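These notes are about the structure you will find just below.
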Amino acid sequence: QQQVKQSPQSLIVQKGGISIINCAYENTAFDYFPWYQQFPGKGPALLIAIRPDVSEKKEGRFTISFNKSAKQFSLHIMDSQPGDSATYFCAASMNSGYSTLTFGKGTMLLVSP
Amino acid sequence: DVKVTQSSRYLVKRTGEKVFLECVQDMDHENMFWYRQDPGLGLRLIYFSYDVKMKEKGDIPEGYSVSREKKERFSLILESASTNQTSMYLCASSILFSGAYNEQFFGPGTRLTVL
């Protein structure tokens, strides 16, 4: 049973455009929602994360929007750049030391010049 | 600088061989994880460990085992490699509890091919 559903599987955006990736979760006990970014040949790295006590978190061009009632969260990349081309994974967990991350299946983003 | 290293970037093995994948972290993290990454399937947790000599099964432990004899080292073992274990294997580590965000730090991965 997939607990975190991510869409789309792939995305092509023009330079300067907005990239939007969506995730939905099922487990209402989740209380920590990170996004990881993975460049080719590298391991994933934490990009931005949110707790459900806020509806939005912004870090530079990257914003997480969170809708607790709908059990959905999304990543918005404003002014997308070719250097943003990567695979993005959403994830969810309970924020405790013994909790594991449940990842979505990933979105391959290509930002065309 | 935070660092998770994996013993090999690329590995080619034969069906039936015993395969060891090694991971070392230099951050004194308590938690360590092994994932496999396959196209269209994302990251799937194989095993994890909260402490030395402790191990917990993840979502897909079948065909794998692990060993953690030292805090900084976590090994993934394929007892008898099969072709369906051809994949990218990622190791990660994290502190036991950050009080804020439980960030996992990943190694660069080992691409294993089983012929």
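Numerical summary
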quantity	calculated
Residues being loosely packed, with under 14 Cβ neighbours inside 10 Å and either part of a loop (DSSP other than H, G, I, E, B) or modelled with pLDDT under 95 (or both) - total across segment A:6-25	5
Filtered residue count, segment A:61-90, keeping only those that are at pLDDT 95 or above and either out of contact with any strand residue (DSSP E or B) (no Cβ under 9 Å at 6 or more places or on another chain) or within 14 Å of another protein chain (Cβ to nearest Cβ) (or both)	7
Total residues in segment A:66-92, condition assigned to a strand (DSSP E or B), closer than 26 Å to B:Ser94 by Cβ and over 13 Å from the mean Cα position of the chain (by Cα)	0
Residue tally, condition closer than 14 Å to B:Ser67 by Cβ and of a type in the set (Ser, Thr, Tyr), over segment B:1-57	3
A:Pro44 being within 14 Å of another protein chain (Cβ to nearest Cβ) and touching an Asp or Glu at 6+ places or on another chain (Cβ under 7 Å)	no
Hits in segment A:93-113 (condition: farther than 16 Å from A:Ala29 by Cβ, within 14 Å of chain B (Cβ to nearest Cβ) and in a loop (DSSP other than H, G, I, E, B))	A:Gly104, A:Lys105, A:Gly106
Test result for A:Tyr25, more than 10 Å from chain B (Cβ to nearest Cβ) and closer than 30 Å to B:Ser49 by Cβ	yes
Residue list for segment A:79-107, restricted to those being surrounded by fewer than 21 Cβ atoms within 10 Å (Cβ to Cβ) and closer than 11 Å to A:Val13 by Cα	A:Asp79, A:Gln81, A:Pro82, A:Asp84, A:Ser85
Residues within segment B:57-106 that are within 11 Å of another protein chain (Cβ to nearest Cβ), assigned to a loop (DSSP other than H, G, I, E, B) and either β-branched (Val, Ile, Thr) or surrounded by fewer than 21 Cβ atoms within 10 Å (Cβ to Cβ) (or both), tallied	10
Unmet requirement for B:Gly16, which otherwise passes all of (1) surrounded by 13 or more Cβ atoms within 10 Å (Cβ to Cβ); (2) closer than 17 Å to B:Leu112 by Cα; (3) at pLDDT 95 or above	(1)
Filter pass, B:Ser49 being touching a residue at least 60 places away in the same chain (Cβ under 8 Å), surrounded by 14 or more Cβ atoms within 10 Å (Cβ to Cβ) and among the polar types (S, T, N, Q)	no
Cβ pairs under 7 Å, 6+ apart, first in segment B:55-71 and closer than 12 Å to B:Trp34 by Cβ and without any contact (Cβ under 8 Å) to a residue 24 or more places away in the chain, second surrounded by 13 or more Cβ atoms within 10 Å (Cβ to Cβ) and among the basic types (Lys, Arg)	B:Lys55/B:Arg68; B:Asp59/B:Arg44
Of all residues in segment A:26-53 being in a strand (DSSP E or B) and of a type in the set (A, V, I, L, M, F, W, C), the one that is surrounded by the most Cβ atoms within 10 Å (Cβ to Cβ)	A:Phe33
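The values are calculated or read from the model by the stated rules, or taken from the named source; none is laboratory data. All values reported here derive from a predicted model rather than from experimental measurement. With ideal geometry, Cβ positions are generated from the backbone for all residues, glycine too; neighbour counts draw on all protein chains shown.
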